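This report concerns only the one structure given below.
The values are calculated or read from the model by the stated rules, or taken from the named source; none is laboratory data. Keep in mind that what you see is a predicted model, and the values were worked out from it rather than measured. With ideal geometry, Cβ positions are generated from the backbone for all residues, glycine too; neighbour counts draw on all protein chains shown.
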Amino acid sequence: MNQPGSQIVVGVNASVKQSNHLRGLWEKVEQYERSNEKAVIKVNLLYHEYEQVVMTHDRRMGDTRCQWVSHLMSFLDSKEIKRKDRQLLFEYVDGQLMQMQDFPFLYDPDMLRSLAEHLDRHGEVLFRKERKQNLDQVCHEISLMMKAAFGDDVDVPYPQLREALSSGNRESLEQLFEQLRENYSARQTDETDGFMEEEPEWHDYEFNYTPDENDDTSAIREIFRGSQLSKIYRQIARVVHPDREQDPLKKEEKQRLMQQLVKARNEGDVVMLVKMYGELVPDGDISLDGEDLEHIEHLLLMRLRTLNNIHRDIFNGQGLKTCIWKLFSASSKKKVREKMALHIQEVHNGIKQMEREIRYLSSSRKVVKFIHSLFWPGF
């Protein structure tokens, strides 16, 4: 089996040291990719176990927390509570809801939506003047963000945007962004079922290589010639193009590879292009000079940094899955189960405590005292 990129590296007048160095980088990239795949599996397996063992208990806590928020919210209409205290109560409840919306899987979606709508109605009364002043500014800032993400020619649906912002409905805002993202992707897509109805040409690929990733001033502008990339692309395409393949299984595999190749072209992924060339074109006759090899080396080093960041995000940037990993990951299945059992016990204790607080906060006076204790400890 060919090593990734081996045909390109061996087919030039490169020193043994340089060839070994590049092969080592390719192997390291593959090692990082495998490591990331394993990391994804580990995180997903732990999350699946959490769903089977713990989530039911967390959702019971979620239901109780909804009751807690609803109970406090019922005092927002009380005439016995001064306006300033009602605003403090509103801020506390709003903070609770924001925390809950960060982990919607733990709550009944209809209840969460109902609480948010109910609180929003109170907010219209308590903060009407402030909201009116802020809405236009926020709408303008988000529209600028949309244009930055999807192009200046994007048609920002201002009525929908204002409605989503004024309602405080996060799902509506996310759906709006997703709609714009899909429209943008559709405009950018230039693929056809025939894959190569027109001969593709690569432009010169320019990139910044930063030897010291902590020092932006060390960035070096490099250019990979488009003519060279186009030659590599065409040789790969001749091997993997599925149109003349008769065997159904081979045709399906070639279609997958052709899609991967087209994606590499559309995204300007030179590393993937070179990797596919080394793996799929064993008799390739393309030679890269020393400058090209240096570009490949730098692109591989950049890919390693990216893969390292992805690895970190797998464990730290997946919202609920990240929380589950940090809560329950352990060196053995036994220890994982012990952590889960302890968590379940703590959840049950928390439910009982919250139910006691709901029963205790039975009057406006007690609620005001509770709110004051939050904003002014020792009150």
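Remarks
- Set side by side, the residues Asp136, Asp58, Asp85 differ, and just one is among the acidic types (Asp, Glu), over 30 Å from Phe315 (Cβ atoms) and surrounded by 15 or more Cβ atoms within 10 Å (Cβ to Cβ), which is Asp85.
- Inspection of segment 90-101 identifies at least one residue that is under 21 Å from Leu173 (Cα atoms), of a type outside the set (Val, Ile, Thr) and touching a residue at least 40 places away in the same chain (Cβ under 8 Å).
- Of all positions in segment 38-48, none carries a residue that is under 30 Å from Arg305 (Cβ atoms), modelled with pLDDT under 95 and not assigned by TED's automatic domain parsing to the domain that holds His298.
- Meets criteria (in a helix (DSSP H, G or I), closer than 23 Å to Glu33 by Cβ and in contact with a Lys or Arg (Cβ under 8 Å, 6 or more places away or on another chain)) for Tyr277: no
- Within segment 59-71, residues that are more than 11 Å from Leu115 (Cβ to Cβ) sit with their Cβ atoms under 9 Å from residues that are small (Gly, Ala, Ser) and in a helix (DSSP H, G or I), at 6+ positions apart or across chains, in these pairs: Met61/Gly350; Thr64/Gly350.
- Enumeration of residues in segment 317-353 that are loosely packed, with under 13 Cβ neighbours inside 10 Å and of a type in the set (S, T, N, Q): Ser331, Ser332, Gln345, Asn349, Gln353
- Among (1) crowded, with 20+ Cβ neighbours inside 10 Å; (2) of a type outside the set (Phe, Trp, Tyr); (3) at pLDDT 85 or above - the single one Val262 does not satisfy: (1)
- Given (1) surrounded by fewer than 17 Cβ atoms within 10 Å (Cβ to Cβ); (2) in contact with a Phe, Trp or Tyr (Cβ under 9 Å, 6 or more places away or on another chain); (3) not small (Gly, Ala, Ser), number of the condition Lys250 does not satisfy: (2)
- Residue match in segment 108-130 (condition: at pLDDT below 75, in a helix (DSSP H, G or I), among the basic types (Lys, Arg) and loosely packed, with under 12 Cβ neighbours inside 10 Å): yes
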